[in-house]
């Protein structure tokens, strides 16, 4: 079965930054989390996927079709939530609905208002007066109301309180009850992704540092806080030296069971790769 | 594109109301004083200014990024601004004719020339605004508007005597072509932009 | 059905789900033919990846506790199927071992032991 989204050797040069040969896919029925620190290249990848920036190399395919060859209706099968929301601020939800109705061929007014009701968003207030959380929810409601099969979200939960983030997670789970859908979500709030994602792609310095099934990754790695010299060097992936000791990200399978290790989180993996060093 | 027009209409409704009121005053003044030049100048101002104001809203809202992400082509996005300008220009044209009729005689050649100049100014200014944004392109905008008012005053003073209908028709056709070329150029600029 | 997961325990998530469903089947809490939640609705409920729930269900099916019908979902398998039977036998032997140990401790002879066992079976059959 084709991946919903396929990225091959994506490359983009900016002034001081290069996105370098990034490749990964978003399988049908799955949620892929794009994690990495700010400036790592997540937004660049997403903007490339959405055709909002020009690229210097590589291929982007949606359901096997190159981005450049997608017709307007095919493009609308992808719902988009950008990190700066980007909706007209001088309109209220009723008016936004009217605008969207005339932009998308499969706009579903009922779905849109059902979602805005669920999010308790006022219909007669201008979106420019919404809080950040409300704007984000509006964008999500819109992205889910034009028959999209794939959702691409760029940092949809930054700046939101835990309750709002949980509500959004709920919505995404609902979207994924359909096994024909797919989600690509980027975030630096790894705790959100830790729950929902099936796969993670960790971007660091414009490259893919680590990627794979989320559960497998979290089982493969462990954090070891004991004496690092006791370990097989091949087992040590990254080390963070402190003033009074060091911690290591290790391959669990290469550590004797008697050595106490801790479960990793996505945040651990990210921090070890960004701030740690090789042995 | 209908969605884009609606969006601009919602964004601009306050502004358009304001312009409408001012235009009414200008019209009244023009009819009373039997001097249409300031009304014409204002007409050009409104036509160009409305499109650029809508662009300012779009920039502030980061709308272009969203529109492109949703699959709207750069051409559709650019074209909508041009068509908006065309519509307002036609409206000004009609208003001018009505005022002339009230005062005395409709001067079609003057009106056509005025409409053509409208188009020409838009054709020059819009690609600049698309490329540099409304803030940075402001200088170009002001220069264009000053030129507009000057040209319309000039046009008023030489109308009827110099241009033949054929020459005017050619001039108008040339301005339309320039307008279309500008639209294509703006689409190219939007397409190349990293948002 | 009542399933919960513990993120901090050393046991992997899919194992936790596997154990809980297995125990529910063995204890009779889930009866043969009962429908299980879909892997996606369970993933949503527990706030985890669908790959995790899918893996748990795959293992349960492999071991004979549940079966899946394409387009319909997953259901509890008939009693006595595959590994379920194995589990039951193992538990039975475990209990018997305990009883035998107790008998030895109390110096109960073999005949008394077997009579007691027959009584237990008999009384159970009457239930």
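Where a number appears in this text, it was derived from the coordinates with a stated rule and is not lab data. Quick caveat: nothing in here was measured; it's all calculated off a predicted structure. Please note: Cβ atoms are built from the backbone with ideal geometry, for glycine as well, and neighbour counts cover all protein chains shown.
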**Study point:** Cα-derived Rg over Rh, computed across the protein assembly as shown with Rh taken as Kirkwood radius
**Key:** 1.18
Point to revise | Acute angle (nearest 10 degrees) that the helix B:37-61 long axis makes with the longest principal axis of chain B, alpha-carbon atoms | key: 10
Study note, to complete from the structure: Relative contact order of region A:64-146 (C-alpha contacts under 8 Å, at least 6 apart) in percent is 43
Exercise for review: Treat region B:2-192 as a sphere of radius equal to its Kirkwood radius over Cα pairs and apply Stokes-Einstein at 20 °C in a medium of 1.002 mPa s; give the translational diffusion coefficient in µm²/s, rounded to a whole number.
Suggested key: 125
Point to revise | Projected label distance in nm at residue C:78 and residue A:54, using a 7 Å step from Cα toward the beta-carbon | key: 6.8
Point to revise | Solution diffusion estimate, µm²/s, Stokes-Einstein, chain A, Kirkwood Rh from C-alpha pairs, 20 °C, viscosity 1.002 mPa s | key: 106
Study note, to complete from the structure: Taking a label point 7 Å from the Cα of residue A:120 along Cα-to-Cβ, the residues of region A:150-173 whose backbone nitrogen sits under 18 Å from it are A:160-171
Exercise for review: Could you tell me what percent of the DSSP beta bridges with both partners in the protein assembly as shown are antiparallel, to the nearest 5?
Suggested key: 70
Review point. With a 10 Å Cβ neighbour count serving as the proxy for reagent exposure, in which order, fewest first, do B:9, A:104 appear?
Key: B:9, A:104
Point to revise | Mean Cβ neighbour count within 10 Å, used as a protection proxy, ranking C:30-42, C:104-116, B:75-87 highest first | key: B:75-87, C:30-42, C:104-116
Exercise for review: Provide a whole-number value for the mean count of partner chain Cβ atoms within 10 Å of the Cβ atoms in peptide B:70-77.
Suggested key: 5
Check your understanding: Per residue of chain A, what 222 nm ellipticity follows from adding -39500 (n - 2.57) for every DSSP H run with n ≥ 4, rounded to the nearest 500?
Key -> -8000 deg cm²/dmol
Check your understanding: Once fully extended, how much extra length lies between residue A:277 and residue A:108, figured as 0.36 nm per residue of separation less the alpha-carbon to alpha-carbon distance?
Key -> 55.8 nm
Practice item. Mind giving me the nanometre distance, one decimal, between the label points for residue A:74 and residue C:105, set 7 Å out from Cα along Cα→Cβ? Key: 7.5
Exercise for review: Please report A:81, A:237, A:183, A:163 as a ranked list, fewest other C-beta atoms within 10 angstrom at the top and most at the bottom.
Suggested key: A:163, A:237, A:183, A:81
Practice item. Determine which residues of region C:1-41 fall in the zone a paramagnetic label at residue C:98 would reach in this model, i.e. backbone nitrogen under 16 Å from the point 7 Å along Cα→Cβ. Key: C:27
Check your understanding: When you look at the Cβ of every residue in A:76-82, what mean number of other chain Cβ atoms sits within 10 Å?
Key -> 3
Practice item. Using the number of other C-beta atoms within 10 angstrom as an exposure proxy, rank A:77, A:10, B:166 with the fewest first. Key: B:166, A:77, A:10
Point to revise | Rounded to 10°, Cα long-axis angle of helix A:109-118 versus longest principal axis of chain A | key: 50
Study note, to complete from the structure: Nearest 10, in degrees from 0 to 90: the angle of helix C:82-105 to the longest Cα principal axis of chain C is 30
Point to revise | Relative contact order (percent, whole number), chain C, Cα cutoff 8 Å, 6+ residue spacing | key: 20
Review point. What FRET efficiency would be calculated for the residue pair residue A:14, residue B:73, taking the C-beta separation as r and a Förster radius of 25 Å, to the nearest 0.05?
Key: 0.55
**Study point:** Relative contact order, percent, chain B [alpha-carbon distance under 8 Å, six or more residues apart]
**Key:** 30
**Study point:** Kirkwood-type radius of region C:82-126, with distances r between different C-alpha atoms, in Å
**Key:** 11.6
Exercise for review: Mark the label point 7 Å from the Cα of residue A:177 along Cα→Cβ and return the residues of region A:103-139 whose backbone N is within less than 19 Å of it.
Suggested key: A:108-120
Exercise for review: Can you figure out the FRET efficiency of residue B:9 with residue A:265, using R₀ = 51 Å and their beta-carbon distance, to the nearest 0.05?
Suggested key: 0.55
